[in-house]
Amino acid sequence: MEAQSLLSVFCSNSVIPSIQNPKEPLPLTLPYFSSSLCVQSLKWASIKTHHCHAHQHLTSQIVRFKKKLHCTSSVEKVDGITSDREDLKNGFRRKNLAVFVSGGGSNFRSIHQATLGGSVHGDIVALVTNKHGCGGAEYARDNGIPVILFPKTKDEHEGLSSNDLVTALRRYNVDFILLAGYLKLIPIELVRAYPRSILNIHPSLLPAFGGKGYYGMKVHKAVIASGARYSGPTIHFVDEQYDTGRILAQRVVPVLANDTAEELAARVLCEEHRLYVEVAVALCEGRIIWREDGVPLIQSKENPNEFS
Ligand code: GRF
């Protein structure tokens, strides 16, 4: 597809958090965005005052400031600022991601590993779950990722309301939301607060075998029962209903003659991990392009005139 036929380039900075400087500190992390600004301005000041009397005083201030930062639990975040600056040289800033899970969270783990490994130019700043004891939430806690409970239910009375969830995500300066096995419907408040910024992964080739009731093994059993010879994951943008948002990426796997639902699920899951990381890489690099008719495409990194 030619670049000229594409109308709008998705602006990854289109989400402007309404709470840039929350009055109250975040409950679980140091607000490292403001630390980043501080570090940058102090470095700049250090260079500018190199030959003036203020230099010595300022240098000791910088040393004290750096020591203070390294005493906090957000040292990784502070170190991350260096890569922010490197990324800016390449033309993009690291993005803040929130991942939503209800279960084991193997997709969440593979995306997290990719952020740590450097292929995804973003950081997972929050994990949202409706089940505080699920495998994904445990992994988040083990890795110092703040866990947010949503929604509030009889069982999870500490869960947030929809509006409070939006506020919390904005406080974390979340750019994109990745649903990875989150079984609850996404509330309209969140869909409206994050336009073109929420993705979901589904384990069938949508629009087939999607919608309410199609989750987990039910999807794979239905695929096998239908006689379909191919299945595979779909990543799509999220709207107000289950599995109906615009399709962004798909991968195909064969359905074998003697497949059980578990065997097919394992084959699809393997592709899910690869596909979600590929999409997260493109998302964080601003390579999601919206075609004139509203279909999202991924722009090739190697050849910017190629889209898939
Ligand atoms: C995946 O199959 C995904 O497609 C679906 O839920 C499952 C989540 O698996 N939405 P995991 O928790 O990432 O292992």
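The values are calculated or read from the model by the stated rules, or taken from the named source; none is laboratory data. Keep in mind it's a predicted model, so treat the numbers as computed, not measured. Every residue, glycine as well, gets a Cβ built from its backbone with ideal geometry; the counts of neighbours run over all protein chains shown.
Here is a yes/no grid of residues against (1) under 28 Å from E272 (Cα atoms); (2) at pLDDT 95 or above:
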{"site": "D164", "(1), (2)": "no, yes"}
{"site": "L169", "(1), (2)": "yes, yes"}
{"site": "Y172", "(1), (2)": "yes, yes"}
{"site": "G181", "(1), (2)": "yes, yes"}
{"site": "L185", "(1), (2)": "yes, no"}
{"site": "I198", "(1), (2)": "yes, yes"}
{"site": "H202", "(1), (2)": "yes, yes"}
Query raised in the report: List, please: which pairs have Cβ atoms under 8 Å, are six or more places apart or on different chains, and start with a residue in segment 97-122 that is in contact (Cβ under 8 Å) with a residue 40 or more places away in the chain and end with one that is part of a helix (DSSP H, G or I) and among the aromatic types (F, W, Y)?
Result: V99/F108; V101/F108; G105/Y139; N107/Y276; F108/Y139; S110/Y276; I111/Y276
**Report entry** Matching residues in segment 146-182 - criterion: being within 16 Å of the ligand (Cβ to nearest atom), of a type outside the set (G, A, S) and touching a residue at least 24 places away in the same chain (Cβ under 8 Å)
**Finding:** I177, L178, L179, Y182
Query - Whichever residue in segment 135-162 is acidic (D, E) and either under 24 Å from T115 (Cα atoms) or modelled with pLDDT of 95 or more (or both) and, among such residues, is surrounded by the most Cβ atoms within 10 Å (Cβ to Cβ) - result: E138
Query raised in the report: Are there any pairs with C-beta distances below 7 angstrom linking a residue in segment 192-203 that is more than 19 Å from G103 (Cβ to Cβ) to a residue that is within 16 Å of the ligand (Cβ to nearest atom) and not β-branched (V, I, T), with the two at least 6 apart or on different chains, and if so which?
Result: R196/F237
**Report entry** Test: N130 is of a type in the set (S, T, N, Q), in contact with a Gly (Cβ under 9 Å, 6 or more places away or on another chain) and closer than 21 Å to L185 by Cα
**Finding:** yes
Query raised in the report: For L248, which of the numbered conditions (1) under 26 Å from V295 (Cα atoms); (2) within 13 Å of the ligand (Cβ to nearest atom); (3) not in a loop (DSSP other than H, G, I, E, B) fails to hold?
Result: (2)
Query raised in the report: Among all residue pairs at least 6 apart or on different chains, which show Cβ distances below 8 Å where the first residue, located in segment 268-282, is more than 12 Å from H121 (Cα to Cα) and the second is among the aliphatic types (A, V, I, L, M) and in a helix (DSSP H, G or I)?
Result: Y276/I111
Query raised in the report: Among V255, V238, V223, which is the only one that is surrounded by 17 or more Cβ atoms within 10 Å (Cβ to Cβ), over 25 Å from L178 (Cβ atoms) and at pLDDT 95 or above?
Result: V255
Query - Output for segment 183-202, where each listed residue is aliphatic (A, V, I, L, M) and within 16 Å of the ligand (Cβ to nearest atom) - result: L183, L185, I186, I198, L199, I201
Query raised in the report: When you scan segment 204-233, how many residues do you find that are more than 14 Å from the ligand (Cβ to nearest atom) and among the aromatic types (F, W, Y)?
Result: 1
Requested in this report: Name the single residue, out of those in segment 135-164 being among the acidic types (D, E) and part of a loop (DSSP other than H, G, I, E, B), that is farthest from Y194 (Cα to Cα).
Outcome: D155
Report summary line: Checked against (1) charged (D, E, K, R); (2) in contact with a helix residue (DSSP H, G or I) (Cβ under 6 Å, 6 or more places away or on another chain); (3) modelled with pLDDT under 95, D123 satisfies every condition except (3)
Query raised in the report: Taking the condition surrounded by fewer than 17 Cβ atoms within 10 Å (Cβ to Cβ) and in contact with a helix residue (DSSP H, G or I) (Cβ under 7 Å, 6 or more places away or on another chain), does D293 pass?
Result: no
